[in-house]
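**Q** Dropping the structure in here first, questions after.
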Amino acid sequence: MATGKLKTIAVLGAGHGGCAAAADLTARGYSVRLHARREATLEPLRKAGGIHARGVQQGLFPIARMTTDVAEAIDGVDLIMLVVPSSATPITAAALSGLIDGRVPIFLNPAIPAAGCIS
C-alpha cells in the first residue's frame, strides 16, 4: 500500500518500462497517471481495462488516468517519473516546460534505445 507523502504519480512514457512501472506502482497502492505521446499507444490499454502484468506483479492493473496531455498527467501529482528513452528526454522536457515550478520531484529513468546491455 502507498505510504508517506507520495500518493499520486505521473509516469511519462508508455513503453515497456513505463507500463511496467505504472502496473507495479498501481499494485502497490499508488494512483498512477500514465502519459503517452500518441493515443494509439493508449488505445489497447484502454480496451483491456488497464495493463496486464506478468512478472513481479501478476494480473490486470487498472490505471487511474491515461492521457496524451502532459498537463493533465502531472496536475496535482506528488512525483513525476520519466520513463522514456534518453533520446526522448529533450522532447519530454520541452513538453514539461512551463508546467513545472520545482515543487514536484522529477525522477528520471532513461533508457538507451535499442542498445542492449553494455558489459
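The values are calculated or read from the model by the stated rules, or taken from the named source; none is laboratory data. Being a predicted model, the structure only gives us computed values, none of them experimental. When we count neighbours, we look across all protein chains shown, and the Cβ atoms used for this are built from the backbone with ideal geometry, even at glycine. These accessible areas exclude ligands, DNA and RNA; they are computed on the full protein's heavy atoms, side chains included. Shrake-Rupley method; radii C 1.70, N 1.55, O 1.52, S 1.80 Å.
**Q** Between Ala94 and Glu43, what FRET efficiency comes out of the Förster formula 1/(1 + (r/R0)^6) with R0 = 25 Å and r the beta carbon distance, rounded to 0.05?
**A** Working: r = 24 Å, r/R0 = 0.98.
Approximately 0.55, to the nearest 0.05.
**Q** Shifting gears a bit: Hey, rough spin-label estimate for Ile106 and His16, points 7 angstrom out along Cα→Cβ, what's it come to in nanometres?
**A** Those two pseudo-labels are separated by 2.6 nm.
**Q** How much accessible area per residue does the chain have, counting only protein heavy atoms and a probe of 1.4 Å, in square angstrom?
**A** Values: 7060 Å² over 119 residues.
I get 59 Å² per residue for the chain.
**Q** With a 1.4 Å probe and all protein chains left in place, how much of the accessible area of the stretch 1-114 comes from carbon and sulfur atoms, in whole percent? Could you put the intermediate results ahead of the total?
**A** On the way: 3710 of 6510 Å².
C and S atoms contribute 57 percent here.
**Q** Another question, then. Could you sort His16, His52 by accessible area so the largest value comes first, with the probe set to 1.4 Å? Present the calculation step by step, with values, prior to reporting the outcome.
**A** Values: His16 175, His52 120 Å².
Greatest to least solvent exposure: His16, His52.
**Q** Let me ask you something else. Mind ranking 86-99, 65-78, 28-41 by how tightly packed they are, going by the mean number of other C-beta atoms within 10 angstrom, highest first?
**A** Values: 86-99: 13.6, 65-78: 16.9, 28-41: 18.5.
Order by mean packing, descending: 28-41, 65-78, 86-99.
**Q** Kindly provide the helix-only [θ] at 222 nm of the chain, computed as the sum of -39,500 (n - 2.57) over DSSP H runs of four or more divided by all residues, to the nearest 500 deg cm²/dmol? Mind dumping the intermediate values first?
**A** On the way: 4 runs with 35 residues, N = 119.
About -8000 deg cm²/dmol.
**Q** Between His52 and Lys7, what FRET efficiency follows from the Cβ-Cβ distance if R0 is 22 Å, with the result rounded to 0.05?
**A** Details: r = 24 Å, r/R0 = 1.10.
Computed FRET efficiency for His52 and Lys7 comes out at 0.35.
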